[in-house]
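Trainee: First, the structure itself, so that you have it in front of you.
Bear in mind these aren't lab numbers, they're just calculated from the coordinates by the rules spelled out. On a predicted model such as this, the values are computed, not experimentally measured, just so you know. Using ideal geometry, Cβ is built from the backbone for each residue, glycine included, and neighbour counts are taken over all protein chains shown.
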Amino acid sequence: MNGLFITLEGVEGSGKTTQLSRLKKHLESTGHRIVVTREPGGTPISEAIRDILLDPTNGAMHPMTELLLYEAARAQHVAEHIRPALESGAIVLSDRYTDSTTAYQGAGRSISPETVGQLHQIATQGVWPDLTIVIDLDPTEGLRRRADDHAHDRIESEPVDFHRQVRTAFLALAEIESERIKVVDGSMSPDEIAGHIAALVDPLVEQKRGQLDRTPE
Ligand code: T5A
């Protein structure tokens, strides 16, 4: 595919949404066509599944149901939105993707890596990120930031130990897949984090320059 697929990952409130909007502006200023999306979500069907997943009244949800719903939302997102955008040469920036499932449902809910891996294959149909940036932050700080601006959803309401396991899983993934996954310290200021992210993204954009779609001058 001609496009470039970049995902941002991290614990709750680590600053992914803040950084995605900065990265979008940075890349648009270089004339590239940028598609920003998120998981769970990104299409009407996937957003409807998101509502079910995050609804705090759905406390009875079984871990396997949760896993299948995240992957179902992803299957629709990839087929309807991500793959066509990449085929058309866009730079796609996604707030979370498969690594979140590995960390939250795999490590957090103790579902086997084999099961999670098989479902990733089915849902993504081979669409994998070129680069993943984990914004690493102590989950207590992330949850504090989130509590400042909205009520906690079903996943955010999990005990802090759950979120610690998720953080550990992201860092472990970054060690295993050190080529694809880069870790940035989320306790820095938004400007400093944006600088580190741009330094990781710019060389990749340069490499793919000839293939990427540019917005009309
Ligand atoms: N999930 C998701 C799974 O369990 N499995 C999966 O497969 C997938 C895809 C999604 C939930 O679903 C789970 C993970 C999540 O629990 P969500 O609402 O999309 O739910 O949750 P998040 O992705 O965590 O989004 P948040 O909005 O909670 O966090 P962000 O985007 O990381 O943080 P952001 O940028 O909104 O910032 C939070 C606050 O901190 C401030 C911001 O101004 C904001 O107030 N902030 C900073 N403060 C100080 N220093 C900085 N550097 C700051 N950067 C931002």
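Trainee: With respect to Ile122, determine if the residue is touching a helix residue (DSSP H, G or I) at 6+ places or on another chain (Cβ under 9 Å) and exposed (fewer than 13 other Cβ atoms within 10 Å of the Cβ).
Mentor: yes
Trainee: Could you please let me know if Arg214 is away from the ligand (no atom under 16 Å from the Cβ) and closer than 20 Å to His26 by Cβ?
Mentor: Yes: the conditions hold for Arg214.
Trainee: I need the full set of residues from the stretch 196-208 which are over 17 Å from Pro129 (Cα atoms) and surrounded by fewer than 15 Cβ atoms within 10 Å (Cβ to Cβ), in order please.
Mentor: Of everything in the stretch 196-208, just one residue is over 17 Å from Pro129 (Cα atoms) and surrounded by fewer than 15 Cβ atoms within 10 Å (Cβ to Cβ), namely Ala199.
Trainee: For the stretch 12-46, which residues satisfy the criterion of being within 20 Å of Glu206 (Cα to Cα), in contact with a helix residue (DSSP H, G or I) (Cβ under 8 Å, 6 or more places away or on another chain) and assigned to a loop (DSSP other than H, G, I, E, B)?
Mentor: Scanning the stretch 12-46 gives a single hit, Thr30.
Trainee: Then there's this: Could you tell me whether any residue of the stretch 71-79 is within 16 Å of the ligand (Cβ to nearest atom) and within 20 Å of Leu143 (Cα to Cα)?
Mentor: No, because not a single residue in the stretch 71-79 is within 16 Å of the ligand (Cβ to nearest atom) and within 20 Å of Leu143 (Cα to Cα).
Quick grid of which residues meet (1) within 24 Å of Gly186 (Cβ to Cβ); (2) without any contact (Cβ under 8 Å) to a residue 40 or more places away in the chain:
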| position | (1), (2) |
| --- | --- |
| Ser21 | yes, yes |
| Leu27 | yes, no |
| Ile34 | yes, no |
| Arg50 | yes, yes |
| Gly59 | no, no |
| Thr65 | no, yes |
| Ala73 | no, yes |
| Ile82 | no, no |
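Trainee: Tally the residues that are in contact with a Lys or Arg (Cβ under 9 Å, 6 or more places away or on another chain) and within 11 Å of the ligand (Cβ to nearest atom), restricting the search to the stretch 154-174.
Mentor: Summing the residues that are in contact with a Lys or Arg (Cβ under 9 Å, 6 or more places away or on another chain) and within 11 Å of the ligand (Cβ to nearest atom) in the stretch 154-174 gives 2.
Trainee: Then there's this: Of all residues in the stretch 137-159, which are exposed (fewer than 12 other Cβ atoms within 10 Å of the Cβ) and in a loop (DSSP other than H, G, I, E, B)?
Mentor: Answer for the stretch 137-159, where residues must be exposed (fewer than 12 other Cβ atoms within 10 Å of the Cβ) and in a loop (DSSP other than H, G, I, E, B): His150, Ala151, Pro159.
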